[in-house]
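A.B. asks: Okay, handing you the structure first.
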Amino acid sequence: MEVEEMGSCSSVNRRRKSLDVLNDSYEANEVSCRHSIDSEIPDQTVVNLFPKSENFIQYEDGTRSPKALVDLCVENVCRNITDFASEIPKGLPQELVHKIIKTLIDKSALNTNTLKNLQQCFGETSELSLHTSRGVTDEWLKKLSGKDYNHSSQNFLDADGNHSCSSSGSSFHSAVSTSVFLPMLNIGDKNICDASYSSAFSHPIIAVPNNTDSSMSQMRVLDLRNSLKLTDEGLLHLHALPLLETLRLDHCHSITGYGLEAFTYSPLLQTLTLSECRCLNDIAMTKVANLQNLSTLTLDGCRCLSDISLKYIGRLLNLRKLDLSNVDLLTDEGINYLGSLSCLMELYIGRCRRITDEGLKTLVNQAGRKENLHTLSLSRCQIGDEGVLYLARLEALRHLDLNGCTEIRSIVLGETLSELEHIETLDVSYCPGIFSSSWQGKINNLKYLDLCYSGVKDVHLSRVTSLPMLEELNLDSCMVGDWSIGHLADNNVTPNLTCLNLADCDVSDEGMVHLPKFKTLQSLSLFYNNITNVGLSHLSGLTSLLHLNLDSRDISDEGMYHLRNLPLKSLDIFSGRITDIGVVHICKIKTLESLELCGGSIGDLGCSQISHHLHNLTSLNLAQNELITNSGASCLASLSKLKSLNLSHTGVSASVIRKFGGLKELQSLAMYSTRGIHKLKKLKNIQHEMPNLRCLRIDGIPESDGTIANSSDSSSDDDASMSSDRSQFEDSDLSIRSNEGGDMQLNY
Amino acid sequence: MSDENDKYVKLVSLEGNEFLMEKSIAINCSEMLRGMLESNFKESQDNTVRFPEISAPILEKVIEYMYYKVKHEKSSGKIPQFDIEPEMALELMLAANYFAV
């Protein structure tokens with residue numbers, strides 16, 4: 001799902017900025033929006049997902065052999081699964097059941113009817129991942145749990161011994177909900193909450209999950225991420241998973257939490273991830289508190305949770321990893337509740353902006369912290385020099401994130417770092433002047449150092465003479481240039497560097513000369529520097545380079561010649577001067593999986609070249625190449641691995657979308673400013689033909705059109721996988737703005 | 001034992017229908033048949049394998065597939081489709097799994 005992963009955070013920022021400028025010049029009254037597509041695929045589409053023509057295995061020498069008969073049969077079963085008059089029978093060999101389910105999921109062919117015919121097959125299944133399936137609803141879970149199936153309902157008796165019925169208003173649920181909704185009205189009153197806690201422990205029903213007969217009794221790993229429509233009612237169907245170890249519910253935006261009661265019957269649950277479940281409330285944690293085996297709990301972005309939640313989390317004595325990033329209601333007071341969690345090894349409280357030095361003081365003095373805590377994220381907390389001194393007590397600390405803790409002084413952090421001899425990862429981006437005193441000798445074990453937007457200058461870097469372990473260095477938007485590259489390379493300061501980000505620094509062709517000396521470099525960002533084609537010639541010596549970002553008005557087709565022998569997986573160039581000729585050079589890089597060539601003069605010939613030579617592409621961005629028309633764009637339909645395609649602000653018209661039906665893997669399609677997109681009647685068919693499409697970015701469609709589901713909540717419910725990245729970008733955007741407004745801050 | 005006997009193998013369905021197929025193809029395509037025919041089991045002695053759980057149409061289809069596979073193995077052009085009736089897909093899948101073809 002990592003559709004946009006390739007572009008580094010900063011490059012996307014820039015791209016967004018440039019797009020904003022362009023957007024302004026386009027029709028200003030058009031509302032651009034992204035549509036999240038969350039409707040399940042219709043039955044008739046399932047047939048097309050298993051084309052009969054794919055009956056062979058291709059070998060590297062170009063020859064083909066027929067697929068195994070068992071695979072042909074499995075695909076035949078899948079192709080016709082929605083037609084099956086009867087369900088797939090119980091008792092098939094497990095390996096065949098696995099094959100059928102895997103094939104259906106890989107091709108995103110699950111819908112309500114598929115599940116209906118499959119529901120007897122999940123009895124022995126130990127792992128199920130639905131996070132790539134579109135349109136997961138409560139009804140799906142009802143089918144999965146076999147609730148529609150007569151035999152299983154008798155396993156569940158309510159307090160009076162009556163059989164619970166399978167309708168959504170089952171006695172199981174109603175008994176639970178009465179104990180849940182009361183305290184909602186008294187959310188501020190902790191005593192009332194306590195009352196609900198104890199009643200949650202004394203289960204109001206006698207549930208007898210019969211391990212052998214339950215439809216999903218062998219399930220160990222269940223992945224329901226990105227199920228935007230899933231609600232607590234649906235979760236309540238999952239109350240008979242006695243072996244469940246891992247449950248992923250991230251980005252299930254409709255869940256509030258009372259449905260987590262179901263997992264009280266999953267005593268082995270170790271990992272529970274709920275990040276970006278935005279509606280999750282404190283009641284949810286009263287349910288989670290029962291899961292005594294839990295070692296990993298992720299609540300990133302559950303912004304409705306308060307300190308009360310921490311009180312319940314404090315009962316999970318086996319917790320090793322706790323992610324509370326962006327839970328911004330948390331205060332220093334809440335940190336007290338974590339005192340019982342002495343095994344905690346990883347704690348993330350980044351962007352909990354109310355947490356101060358006081359909370360940190362509480363934390364570092366808790367039992368077990370000194371020995372066990374190895375990862376701590378405090379980004380954007382109100383941490384100052386006082387807090388940094390407390391950190392020195394955390395002797396086991398290996399990974400520390402202080403991103404945006406602007407009050408910290410370099411010299412104080414340096415002192416703390418000299419005590420923390422195990423530190424490998426340090427993020428001090430957006431901490432102005434943080435690198436101004438010499439840390440030489442204090443960070444010898446550091447592997448990762450993020451200094452972006454921290455105002456590092458050449459003179460600061462001159463004070464480090466040896467970072468023997470350093471693998472990643474981010475100097476994005478720092479005032480360093482050719483001298484620093486020369487210093488790091490010539491004096492062998494960073495002999496193991498694999499990743500170097502010099503975006504928006506002051507690098508010219510003279511600095512480029514030094515780059516080949518970083519023999520192990522795999523990733524290089526040179527966005528917004530003063531590099532010309534001449535400078536690019538030095539890159540040909542970087543024989544390990546996998547990722548390259550370039551952005552300079554002085555780079556043109558000629559420069560592309562120097563890149564043709566690099567083993568690149570991703571290439572991002574935003575120059576405005578690349579034409580079809582440059583594309584011919586780029587097409588020599590057969591290893592490319594991600595390619596961004598925005599804002600140039602690439603035309604139909606370039607598209608055709610790309611489609612012929614770069615078969616490994618999963619992500620392609622050709623936005624703002626206005627010469628591209630439908631004839632070029634339709635060639636791209638042969639890039640069958642594409643997950644992400646951006647043709648915004650090109651010369652294509654909406655009818656080209658019809659050609660893209662073969663892009664079965666496509667998850668994200670951007671076509672901003674495309675002619676005739678409103679008139680396109682077939683928009684609904686497109687989402688049916690592309691079973692993986694989750695996100696369509698086009699100019700606003702009138703609501704009454706109704707072709708796309710969920711168009712109203714485009715701001716929050718964008719394709720779930722991307723939204724966390726996005727919030728990161730937005731935050732950085734803010735910082736850019738504040739920096740632009742006050743550059744003085746950086747001139748430390 | 002004549003050469004003729006050695007060249008062919010007889011597969012018998014649940015109804016008792018007998019199918020003759022080339023032994024080399026059977027050994028080549030099906031790990032299960034190879035195991036039986038190259039061992040010292042009774043089956044390898046008299047070149048006959050009985051399948052009391054597999055019906056004639058399914059057994060015939062499996063044999064048809066083995067010939068199809070040998071014919072198109074490592075071909076450079078397009079491979080014609082091997083037709084499977086949806087009605088028999090489940091049963092054939094079970095048989096294919098059993099034969100390991």
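A.B. asks: Looking at (1) open to solvent by less than 20 Å² (accessible area, probe 1.4 Å); (2) in contact with a helix residue (DSSP H, G or I) (Cβ under 8 Å, 6 or more places away or on another chain); (3) more than 13 Å from every other protein chain (Cβ to nearest Cβ); (4) within 26 Å of A:L92 (Cβ to Cβ), can you tell me which one B:L59 breaks?
C.D. replies: (3)
A.B. asks: Here's something else I'd like to know. Could you tell me whether any residue of the stretch A:676-688 is of a type in the set (S, T, N, Q), within 23 Å of A:E54 (Cβ to Cβ), out of contact with any helix residue (DSSP H, G or I) (no Cβ under 6 Å at 6 or more places or on another chain) and at pLDDT 85 or above?
C.D. replies: Within the stretch A:676-688, not a single residue is of a type in the set (S, T, N, Q), within 23 Å of A:E54 (Cβ to Cβ), out of contact with any helix residue (DSSP H, G or I) (no Cβ under 6 Å at 6 or more places or on another chain) and at pLDDT 85 or above.
A.B. asks: Oh, and also: Here is a check on your reading of the model: is B:N40 within 14 Å of another protein chain (Cβ to nearest Cβ), open to solvent by 80 Å² or more (accessible area, probe 1.4 Å), at negative phi and not in a strand (DSSP E or B)?
C.D. replies: no
A.B. asks: Right, something else. Tally up the residues in the stretch B:1-37 that are open to solvent by 100 Å² or more (accessible area, probe 1.4 Å) and either in contact (Cβ under 8 Å) with a residue 40 or more places away in the chain or touching a Phe, Trp or Tyr at 6+ places or on another chain (Cβ under 8 Å) (or both), please. Before you say what the answer is, go through the steps one by one.
C.D. replies: Quick first cut of the stretch B:1-37, residues open to solvent by 100 Å² or more (accessible area, probe 1.4 Å) only: B:1, B:3-4, B:7, B:15, B:18, B:20, B:28, B:31.
Keeping just the survivors that are either in contact (Cβ under 8 Å) with a residue 40 or more places away in the chain or touching a Phe, Trp or Tyr at 6+ places or on another chain (Cβ under 8 Å) (or both) gives B:15, B:20, B:28, B:31.
Looking only at that region, the number is 4.
A.B. asks: Of everything in the stretch A:83-112 that's over 24 Å from B:K61 (Cβ atoms) and of a type in the set (V, I, T), which residue is farthest from the other protein chains (Cβ to nearest Cβ)?
C.D. replies: My answer is A:T112.
A.B. asks: Please go through (1) in a loop (DSSP other than H, G, I, E, B); (2) of a type in the set (S, T, N, Q); (3) in contact with a Gly (Cβ under 8 Å, 6 or more places away or on another chain) for A:S418 and return the number of the only condition it doesn't satisfy.
C.D. replies: It fails just one condition, (1).
A.B. asks: May I ask you to verify whether B:Y98 is open to solvent by 40 Å² or more (accessible area, probe 1.4 Å) and either part of a loop (DSSP other than H, G, I, E, B) or closer than 19 Å to B:E31 by Cβ (or both)?
C.D. replies: So B:Y98 fits the description; yes.
A.B. asks: Now for a different question. Quick check on this structure: which one of A:E395, A:E371, A:E386, A:E407 is surrounded by fewer than 16 Cβ atoms within 10 Å (Cβ to Cβ), of a type in the set (D, E, K, R) and in contact with a Cys (Cβ under 9 Å, 6 or more places away or on another chain)?
C.D. replies: Matching residue, one of A:E395, A:E371, A:E386, A:E407: A:E407.
A.B. asks: Output the residues belonging to the stretch A:63-82 that are outside any helix (DSSP H, G or I), farther than 23 Å from A:G661 by Cα and within 7 Å of another protein chain (Cβ to nearest Cβ).
C.D. replies: Correct list: A:T63, A:R64, A:S65, A:P66, A:A68.
A.B. asks: Further question: Which of the numbered conditions does B:G16 fail, given that it passes all the others? Conditions: (1) within 14 Å of chain A (Cβ to nearest Cβ); (2) small (G, A, S); (3) assigned to a loop (DSSP other than H, G, I, E, B).
C.D. replies: (1)
A.B. asks: If only one of A:S325, A:S306 is under 23 Å from the mean Cα position of the chain (by Cα) and either under 23 Å from A:N226 (Cα atoms) or open to solvent by 10 Å² or more (accessible area, probe 1.4 Å) (or both), which one is it?
C.D. replies: A:S325
A.B. asks: Please go through the stretch A:245-270 and pick out each residue that is at negative phi and under 21 Å from the mean Cα position of the chain (by Cα).
C.D. replies: Of everything in the stretch A:245-270, those that are at negative phi and under 21 Å from the mean Cα position of the chain (by Cα) turn out to be A:T246, A:L247, A:R248, A:L249, A:D250, A:C252, A:H253, A:S254, A:I255.
A.B. asks: Give the residue that is surrounded by the fewest Cβ atoms within 10 Å (Cβ to Cβ), with candidates limited to residues of the stretch A:120-143 that are part of a loop (DSSP other than H, G, I, E, B) and among the small types (G, A, S).
C.D. replies: Applying the filter and picking the extreme gives A:S126.
A.B. asks: Here's something else I'd like to know. In the stretch A:57-106, how many residues are touching a His at 6+ places or on another chain (Cβ under 8 Å) and crowded, with 21+ Cβ neighbours inside 10 Å?
C.D. replies: Total satisfying the criteria: 1.
A.B. asks: How many residues are open to solvent by 20 Å² or more (accessible area, probe 1.4 Å) and more than 7 Å from chain A (Cβ to nearest Cβ) when one looks only at the stretch B:62-93?
C.D. replies: 12
A.B. asks: Yes or no: A:L548 closer than 16 Å to A:D482 by Cα and in contact with a strand residue (DSSP E or B) (Cβ under 7 Å, 6 or more places away or on another chain)?
C.D. replies: Considered against the rule, which asks whether it is closer than 16 Å to A:D482 by Cα and in contact with a strand residue (DSSP E or B) (Cβ under 7 Å, 6 or more places away or on another chain), A:L548 comes out as no.
A.B. asks: Looking at the stretch A:459-472 only, could you name the residues that are open to solvent by 50 Å² or more (accessible area, probe 1.4 Å) and more than 22 Å from A:T520 (Cα to Cα)?
C.D. replies: Once the filter is applied, which keeps residues that are open to solvent by 50 Å² or more (accessible area, probe 1.4 Å) and more than 22 Å from A:T520 (Cα to Cα), the stretch A:459-472 yields A:V459, A:R463.
The values are calculated or read from the model by the stated rules, or taken from the named source; none is laboratory data. Just so it is clear, the structure is predicted and the values come from calculations on it, not from any experiment. Cβ coordinates were reconstructed from backbone atoms using ideal geometry, including for glycine residues, and neighbour counts include every protein chain displayed. Areas reflect the complete protein model, heavy atoms only, side chains present, ligands, DNA and RNA absent. Shrake-Rupley method; radii C 1.70, N 1.55, O 1.52, S 1.80 Å.
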